[in-house]
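Below is one structure; the comments refer to it alone.
Coordinate-derived values only; no laboratory data. Because the structure is a prediction, the values reported are computed rather than measured. Note that we place each Cβ from the backbone using ideal geometry, even for glycine, and neighbour counts take in every protein chain shown.
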Amino acid sequence: MSKRIHLYDLSRSSLISQVADWGYSEFYANQLWDNLYKGLLIAPDEMLGLKSELLSRLNYETVTETLTLKAEIRSRDGHTTKYLLNGHDGQSIETVLMHYENRNTACVSTQVGCAMGCVFCATGQMGYVRHLSAGEIVEQVLFVSRELARKGAALRNVVFMGMGEPLHNYESSMAAVDIITDDKGLGLGHRRITLSTVGIPAAIRRMADEGRQINLAVSLHAATDAERSLLVPINRRWTLGELLESCRYYSLKTDRRIFFEWALIQGENDTPEQAHSLGKALSNLRAHVNLIPLNPTDGYDGSASSLASAREFQKILIEYQLPSTIRQRRGIDIDAGCGQLRQRIELFNN
Ligand code: SAH
Ligand code: SF4
């Protein structure tokens, strides 16, 4: 299997070269691309408009589906479904579908585990296992698209907010962005994609220079170096100042506002002092803050802030003209916090 080509790893231009190597024209590569991304087809034998010798090459030399569904769990309100998908090596990752009216959103993972070690995060508590390939990231988007297509619905947004740090797996994450935004395929607009990162300044600058206009969400969680270093250990490597400078660069280059994520932890980062520090820290940025009460995990003692303290926090941000939204974690009853389904299932497997 490892020697086979994973078709979802290939951009349209790479697919055209691959198909040319096999002796077929661009016309056939485009037909294949159509079958993959418009037809959402998996098995070559179901694909239309391809020559039979090309089909047998596809059957013997390539793969499409490498992830298999291991568990599926739906939130009580029916709006969120979480899928645990197993890779070819038996490692599992989480993909989430949130369906609200017409705003169907896929939340995809970019790594098995994560090396960043944020103390409140179930994925961080697991440690780093491996990067996902571009194909494995694209496959999650296609998986969700097929689930929606069965119900006559279509995917609208993709968030890179599942397990893992997308900018630590930069090449695969960006290759996946390019494939899912290709206008001859799934054609998702850049503005429909949000990448959430713990904040790696050099990677944020690189992304800005490469000109993809995707939304950037930065997981801040604290607005002083001392506090952030406790919650988000990589802050010891790249300071808040460096991070915010790179965010400013991204915002100016792409003409976009930046989203900042803040998991409200009672008595920890929901204090008036932190709110004032945040207001000051973001004063020269076009920013929007998402305040999300902590989703408790087994490996961390903290608890979620009350709605009343979230509102107090928000009031202080208003003094700084800093827009914010208090977000309920969607699908809280199904462990929809980052990495928590896998944690729970593995508890049962041991
Ligand atoms: N690694 C990236 C994306 C995956 S985490 C990042 O950190 O941004 C997606 C979001 O979930 C991040 O904002 C992260 O801080 C947040 N998160 C992780 N665990 C959480 C928890 N237990 N409660 C609330 N938010 C959490
Ligand atoms: Fe990794 Fe994001 Fe979890 Fe931090 S919050 S450990 S960066 S997945």
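Taken over the range 1-28, the criterion of being in contact (Cβ under 8 Å) with a residue 60 or more places away in the chain and in contact with an Asp or Glu (Cβ under 7 Å, 6 or more places away or on another chain) is satisfied by TYR8, SER11, ARG12.
Of everything in the range 228-252 that is buried (at least 16 other Cβ atoms within 10 Å of the Cβ) and of a type in the set (S, T, N, Q), the residue that is nearest to ligand 1 (Cβ to nearest atom) is ASN235. Residues that are in a helix (DSSP H, G or I) and crowded, with 22+ Cβ neighbours inside 10 Å within the range 205-227 comprise just one, MET207.
Residue count for the range 188-210 satisfying the condition of being closer than 30 Å to LEU32 by Cα and either free of Cβ contacts under 8 Å to residues at least 12 places away in the same chain or basic (Lys, Arg) (or both): 3. Quickly run through the range 86-136 and pick out the residues that are aliphatic (A, V, I, L, M), in contact (Cβ under 8 Å) with a residue 40 or more places away in the chain and more than 8 Å from ligand 2 (Cβ to nearest atom). Within the range 86-136, ILE93, VAL96, LEU97, MET98, ALA106, VAL108, VAL112, VAL119, MET126, LEU132, ALA134 meet the criteria. Among the residues of the range 160-202, those that are part of a loop (DSSP other than H, G, I, E, B) and either within 15 Å of ligand 1 (Cβ to nearest atom) or under 12 Å from the mean Cα position of the chain (by Cα) (or both) comprise MET161, GLY162, MET163, GLY164, GLU165, PRO166, LEU167, HIS168, ASN169, VAL198, GLY199, ILE200. Checking the stated criteria, LYS70 turns out not to satisfy the condition of being more than 26 Å from SER229 (Cα to Cα) and within 16 Å of ligand 1 (Cβ to nearest atom). Can you tell me which residue within the range 142-159, out of those that are in contact with a strand residue (DSSP E or B) (Cβ under 8 Å, 6 or more places away or on another chain) and away from ligand 1 (no atom under 16 Å from the Cβ), is farthest from HIS79 (Cα to Cα)? The residue in question is PHE143.
Here LEU36 clears all of (1) in a strand (DSSP E or B); (2) of a type in the set (A, V, I, L, M, F, W, C); (3) within 21 Å of ARG4 (Cα to Cα) except the condition numbered (1). Does GLU65 count as under 14 Å from ILE137 (Cα atoms) and either in contact with a strand residue (DSSP E or B) (Cβ under 9 Å, 6 or more places away or on another chain) or assigned to a loop (DSSP other than H, G, I, E, B) (or both)? The answer is yes for GLU65.
Scanning the range 253-265 for residues that are within 12 Å of ligand 1 (Cβ to nearest atom) and out of contact with any strand residue (DSSP E or B) (no Cβ under 6 Å at 6 or more places or on another chain) yields a count of 1.
If you go through the range 283-319 and keep only what is farther than 22 Å from SER196 by Cα, in contact with a helix residue (DSSP H, G or I) (Cβ under 9 Å, 6 or more places away or on another chain) and among the basic types (Lys, Arg), you end up with just LYS315.
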